[in-house]
Amino acid sequence: MCKATAILFAAAVLAPPLRAQSTVDTAGSGVLIAEALERSAVMENLRYLSDVIGPRLSGSPAMRRANEWTAERFRSYGLAASLEPFDFGVTWERGPLSLRLTAPFERAMTGYSWAWTAGTDGKTRKGPVVLVDLSTRDSLAVYRDRVRGAWVLPKPSTPIWNPDAPPPSPEDSQRIAAIKDARAALTADTSAPAVRQRRQYQIDLPYMLREAGALGTLVDGAKEHALMTMSGSPNRVAPLPNIVISHEDYTLMERLIAHGVTPRLEGRVENKLGKSQVQQWNTVGELRGSELPGQVVILGAHLDSWDLGTGVTDNGAGSMVVLEAARVLAKSGLKPKRTIRFILFAGEEEGLLGSRQYAAAHAAEADSVQAVLVIDNGTGRIVGQALQGRPEFAELWQALLVPVARLGADSVRDDVKTGTDHLSFIPYGVPGFNFDQEPRGYNHTHHSQSDTYDKAVAEDLQQASAVMAVTAWELANLGELLPRGPKPGPETVPTTPSAMSAK
């Protein structure tokens, strides 16, 4: 979840650096840090969200419970809170799935339906497995006859190197690099027509495969030790079963096919697609400014999650950090000059749907938004900030992070981050940022069944809460509004879940 698309609206503004050292008021930061580190509620809130409410697939009853519970939490801390609706699409419910390898030997296989894909109409579908290249419309035409009556591997597996093995040989390194280069070449053309064509092909492909008689498609889990990767969107409802299987099983079938052995599978899937469009909600809390209430600093994270785990590192942790920053600011007794708004977005996993529609609905107010600060990279502590193609903000961010540098948040780097809700505001000229964090295993837990409460790191989340509270407070009290960025328009925001994978 795309990098090239993000770069279209992340170009640097050729402006002089902001002389921030004299304009950032750090008074009050000590009170905020003490409240965040010494009286934290972040882990208890995260435990309730993950273990009691559970996974929060957009469109599900659990997501609605999470909206209502977080709104109540904001109110309990003394903030105003509301739920803002947006048009989402049809709902999707995961049903039972069984998958079995029947040749060249028999054993059960673990698989999960890709979200917003169909089932098997109550039947068990049996057939061979074929490996084909479905990267373009032309390539599908070449393999059309082979997919009839078959389960389809639509592309080669993602290269994964065993970290406990010796380093890859030069030949292996070249092979892996060639695969990655070939995939990058498919999206090298970032012109609007090319992007639209690729998106439309991905929408059309399941229908074309169904017409060709395919039984279903299989997705490489793309993680080690049988961890899975989940995605999907109501913008890409598919009429054909699409099943994520482990990287180990995917590569097994690749090897069999390469050596002339045809694997055979039988699978049965029961999923339920809604029949009409529904709404979802962003939870919005607000601490009103004392002098400039019409100007706003936004702290954001996404509250929705995938449902293989309980959505802790992606992104219950970030959501609870934003909630905790609200509590810290409210309990401190400090009165920010500008309004600080806390938004827990829905529909992020399906293509930034909640933040995109929030930004569009509030477009008239964009020039009064000081900045948008998003956290969405797992349970790790904040280590600093990426400038999102705005190098003129380097000195400002160095000054903003001075009070929290002793907590390990002191890095400022000129980089463009993709993959989460800050992107939705940048096309309106709003300075938008996604904090850098320690990974803490995020690449393993991300979108997988391992995304659970036991992975949360309490000290890191307390630190992240302090950093968000302090930087929001400083930006709310800054003497001036930050300069606006380019305004290429909302059509430049990635709209599909495949664009969400590079947070």
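The values are calculated or read from the model by the stated rules, or taken from the named source; none is laboratory data. Quick caveat: nothing in here was measured; it's all calculated off a predicted structure. Every residue, glycine as well, gets a Cβ built from its backbone with ideal geometry; the counts of neighbours run over all protein chains shown. Note: areas computed on protein heavy atoms with side chains; ligands, DNA, RNA excluded. Shrake-Rupley method; radii C 1.70, N 1.55, O 1.52, S 1.80 Å.
Can you bin region 124-201 into rounded, prolate or oblate? Criterion: square roots of the alpha carbon gyration tensor eigenvalues sorted a ≥ b ≥ c, rounded for a/c under 1.5, prolate for a/b above b/c, oblate for the rest.
Taking the square roots of the gyration eigenvalues as a ≥ b ≥ c, region 124-201 is oblate.
Of the accessible area of region 229-366, with the probe set at 1.4 angstrom, what percent is carbon plus sulfur?
That fraction is 48 percent.
Taking the Cβ of residue 291 as the centre, find all other residues whose Cβ is under 12 Å away and add up their charges (Lys, Arg: +1; Asp, Glu: -1).
That sum, taken over residues with Cβ under 12 Å, equals +4.
What does the charge count around residue 143 come to, taking other residues whose C-beta lies under 12 Å from its C-beta (Lys +1, Arg +1, Asp -1, Glu -1)?
+2
To the nearest µm²/s, what D does Stokes-Einstein give for region 61-211 at 25 °C and 0.890 mPa s, using the Kirkwood radius over alpha carbon pairs as Rh?
120 µm²/s
Suppose only helical runs count, i.e. DSSP H with n ≥ 4. What mean residue ellipticity at 222 nm does that imply for the chain under -39500 (n - 2.57) per run, divided by all residues and rounded to the nearest 500 deg cm²/dmol?
Helix contribution divided over all residues of the chain: -9500 deg cm²/dmol.
Which whole-number percent gives the relative contact order of region 200-269, counting Cα pairs below 8 Å spaced six or more residues apart?
32 percent
I need to check one value: relative contact order of region 125-216, counting alpha carbon pairs closer than 8 Å and at least 6 residues apart, in percent.
After rounding, I find 41 percent.
Beta carbons within 10 angstrom, averaged per residue: use that to sort the peptides 474-482, 272-280, highest first.
Top of the packing list down: 474-482, 272-280.
Per 10 Å bin, what is the whole-percent P(r) computed from every C-alpha pair distance within region 251-338?
For region 251-338, the binned pair fractions read 12, 24, 21, 17, 12, 8, 6, 0 percent.
Out of all DSSP beta bridges with both ends in the chain, state the antiparallel percent to the nearest 5.
Taking every DSSP beta bridge within the chain, about 55 percent pair in antiparallel fashion.
Along Cα→Cβ, 7 Å out, is where each label goes; now give me the distance between the ones at residue 135 and residue 160 in nm to one decimal.
2.2 nm
Can you divide the C-alpha Rg of region 382-455 by 2.2 N^0.38 Å and report the result to two decimal places?
Against the compact-globule rule of thumb, the ratio is 1.26.
Which whole-number value in Å² is the accessible area per residue of the chain, probe 1.4 Å?
Result: 40 Å² of accessible area for each residue.
Distance between the C-alpha centers of region 413-449 and region 206-267? Whole Å please.
So the separation of the two Cα centres works out to 28 Å.
Listed here are the pairs 223/275; 331/417; 180/417; 223/417; which of them are more than 25 Å apart at the Cα?
Table pairs above 25 Å Cα-Cα are 223/275; 331/417.
Can you sort 415, 460 by 1.4 Å-probe accessible area, starting with the largest?
Solvent-accessible surface, decreasing: 415, 460.
Taking the structure as given and computing Kirkwood radius over Cα pairs in Å, which label from (i) 23.7; (ii) 23.0; (iii) 28.2 fits?
The value computed from this structure is option (i).
May I ask for the Rg/Rh ratio of region 150-251, computed from Cα atoms with Rh as the Kirkwood radius, given to two decimals?
Reported Rg/Rh, Kirkwood definition of Rh: 1.01.
Restricting everything to alpha-carbon atoms, can you work out Rg to Rh for region 351-503 with a Kirkwood hydrodynamic radius?
Ratio of gyration radius to Kirkwood radius: 0.96.
For a protection proxy built on the mean count of beta-carbon atoms within 10 angstrom, sort 127-137, 50-60 highest first, please.
50-60, 127-137
Treat each spin label as a single point 7 Å out from the Cα along the C-beta direction, and report the residue 331 to residue 178 distance in nm.
The two pseudo-label positions are separated by 5.9 nm.
If you take every DSSP beta bridge whose two residues both sit in region 365-503, what share of them, in percent to the nearest 5, is antiparallel?
35 percent
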